[in-house]
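Presented below is the structure to which this report refers.
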Amino acid sequence: MPVMTAAVALSGGVDSSVAALLLRESGYRIIGIYMRLWDSEHSLQQQNQAEHVCHILNIPFHIADLHPEFEHHVVNYFYQEYQQGRTPNPCIACNQYIKFGFLLQKALSLGADYLATGHYARIEHSEDSYLLLKAEDNSKDQSYFLYTLNQEKLRHILFPVGSYTRAMVNQIAKQEGLPPLSRPSQDICFISHKNYHSFLSQHFSITPGDITDTRGRILGHHRGIAFYTIGQRHGLGLSCGKPLYVIRIEPEHNRVVLGSENELYSQGVIARDLKWIGGEAPPEPIAATAKIRYKSKEAAATLSLEEGYAGIWFSQPQRAVTPGQAIVFYKGNEVLGGGTIESSQPMTLDNEKKEYITAA
């Protein structure tokens, strides 16, 4: 049997480093690749760490300069979504276009049979198709960020640490002398929390506008809708007698709408830009579970599909459903697919359920 080659996307962190080690021990020929996405001190540190890991493992080291592609598909998307009053998910865009798009192509062009990453998820070959499954370690599961993968890409992808717990991965790294990342990863790799607002301000004009309640009464003024997100309570610049939260952003009116905690809950969601792991939408309506953000719990829901949109009706209302974020659908441990949240429906009487879903 010929030796298979796996290119491993090395970030310099412990997960991707152990992924390379596990594959090497399984008999794969390994190539290390570092994605150069952004010019920063942190990025240079990661690159040096990734190269050091290749030295320890005695494997070739390559740099894939994907800065222009990253800026176009991830950074531009990031600030355009905020400008439209939505909250983007750059990690999902990066996985779709950069890691499992341009980097996968680069890996195959180097003669690799597979691209491997340190994601905590699993791939299973079932009959004539590939399934995307949650990680064994549910606390580290990252399948939410991978719902845009398709059958053709799954044929060439490996997730070696998906069957391990994070504690096991750390122990393997320690035993083999693999270095941990010297500083924690940033939630958004191209922007730090300290210059978040200035970054947005540099990329588009910020227009102040009204902050109102649900009746349209002006409560104050905002700095620009890009600086607000659904569910936000602090940093509103208002002094009120009761807690108020951002429950809606109206870019067409340049308005931020506040309401009570109860008004944050929605029972229905409409999603667009649907992606299905199996390549085709499942028969519907279907019962599934869904997550409205990475750190939210799965909730039982019914999906109804119509003209490229999904109407999702939750059995229990969900808090702070946010347009622009991903909603991902599961059947047990299997990822069915997902989409981008377009809008939400506040809690209503059950007899309004059918009308809402067919509106999708």
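Any chance the range 65-85 includes a residue that's among the small types (Gly, Ala, Ser), surrounded by 21 or more Cβ atoms within 10 Å (Cβ to Cβ) and at negative phi?
No, there is no match, as no residue in the range 65-85 is among the small types (Gly, Ala, Ser), surrounded by 21 or more Cβ atoms within 10 Å (Cβ to Cβ) and at negative phi.
Condition (residue is more than 21 Å from the chain's Cα centre (by Cα), touching a residue at least 40 places away in the same chain (Cβ under 8 Å), surrounded by 16 or more Cβ atoms within 10 Å (Cβ to Cβ) and closer than 16 Å to Gly332 by Cα) applied to the range 261-280: is it met by at least one residue?
no
Kindly list, by first and then second residue, each pair from a residue in the range 10-29 that is at negative phi to a residue that is modelled with pLDDT under 95 and hydroxyl-bearing (Ser, Thr, Tyr), limited to pairs with Cβ atoms under 9 Å and residues at least 6 apart or on different chains.
Ser11/Ser185; Gly13/Ser185; Ser17/Ser11
Check Tyr114, Tyr77, Tyr97 and return the single one that is within 15 Å of the chain's Cα centre (by Cα) and modelled with pLDDT of 95 or more.
Tyr97
On the basis of being surrounded by fewer than 15 Cβ atoms within 10 Å (Cβ to Cβ), of a type in the set (Ser, Thr, Tyr) and assigned to a loop (DSSP other than H, G, I, E, B), does Thr214 make the cut?
Yes.
Out of the residues in the range 224-236 meeting the condition of being free of Cβ contacts under 8 Å to residues at least 24 places away in the same chain and surrounded by fewer than 17 Cβ atoms within 10 Å (Cβ to Cβ), tell me which one is nearest to Pro346 (Cα to Cα).
The selected residue is Arg233.
Would you confirm, using the coordinates I've provided, whether Ser143 is over 19 Å from Cys94 (Cβ atoms) and within 20 Å of the chain's Cα centre (by Cα)?
In short, no.
Mind listing just one residue for me: the one in the range 298-317 that is outside any strand (DSSP E or B) and modelled with pLDDT under 95 and, of those, nearest to Cys91 (Cα to Cα)?
Residue satisfying both the conditions and the ranking: Gly308.
Looking only at the range 99-119, which residues are buried (at least 18 other Cβ atoms within 10 Å of the Cβ) and in contact with an Asp or Glu (Cβ under 6 Å, 6 or more places away or on another chain)?
Gly118
Please go through the range 217-270 and pick out each residue that is closer than 19 Å to Glu342 by Cβ and hydroxyl-bearing (Ser, Thr, Tyr).
Passing the criteria: Tyr228, Thr229, Tyr265, Ser266.
Within the range 320-338, restricting attention to residues that are part of a strand (DSSP E or B) and either among the charged types (D, E, K, R) or without any contact (Cβ under 8 Å) to a residue 12 or more places away in the chain (or both), which residue is surrounded by the fewest Cβ atoms within 10 Å (Cβ to Cβ)?
Only one residue fits best here, namely Lys331.
Of the residues Ile157, Ile172, only one is outside the structural domain of Gln325 (by TED's automatic domain parsing), surrounded by fewer than 19 Cβ atoms within 10 Å (Cβ to Cβ) and aliphatic (A, V, I, L, M); which?
Ile172
What are the residues in the range 279-292 that are modelled with pLDDT of 95 or more and either hydroxyl-bearing (Ser, Thr, Tyr) or in a loop (DSSP other than H, G, I, E, B) (or both), if any?
Thr289, Ile292
For the range 38-48, which residues satisfy the criterion of being in contact (Cβ under 8 Å) with a residue 40 or more places away in the chain and surrounded by fewer than 23 Cβ atoms within 10 Å (Cβ to Cβ)?
Answer for the range 38-48, where residues must be in contact (Cβ under 8 Å) with a residue 40 or more places away in the chain and surrounded by fewer than 23 Cβ atoms within 10 Å (Cβ to Cβ): Trp38, Ser40, His42, Ser43, Gln45.
Could you say which residue among Gly27, Gly12 is assigned to a loop (DSSP other than H, G, I, E, B) and within 30 Å of Leu200 (Cβ to Cβ)?
Gly12 is the lone residue from the list that is assigned to a loop (DSSP other than H, G, I, E, B) and within 30 Å of Leu200 (Cβ to Cβ).
Residues in the range 125-154 that are part of a helix (DSSP H, G or I) and either buried (at least 18 other Cβ atoms within 10 Å of the Cβ) or touching a residue at least 40 places away in the same chain (Cβ under 8 Å) (or both): how many?
8
Which one is farthest from Asn76 (Cα to Cα) among residues in the range 192-207 that are modelled with pLDDT of 70 or more and either exposed (fewer than 11 other Cβ atoms within 10 Å of the Cβ) or among the β-branched types (Val, Ile, Thr) (or both)?
Checking each candidate, the answer is Thr207.
Could you say whether any residue in the range 76-84 is over 21 Å from Glu25 (Cβ atoms), assigned to a loop (DSSP other than H, G, I, E, B) and assigned by TED's automatic domain parsing to the domain that holds Glu152?
Yes, the range 76-84 contains a residue that is over 21 Å from Glu25 (Cβ atoms), assigned to a loop (DSSP other than H, G, I, E, B) and assigned by TED's automatic domain parsing to the domain that holds Glu152.
The values are calculated or read from the model by the stated rules, or taken from the named source; none is laboratory data. Since the structure is predicted, the reported quantities are computational estimates derived from the model, not experimental observations. Ideal geometry is used to build each Cβ from the backbone, glycine not excepted, and the neighbour counts take in all protein chains shown.
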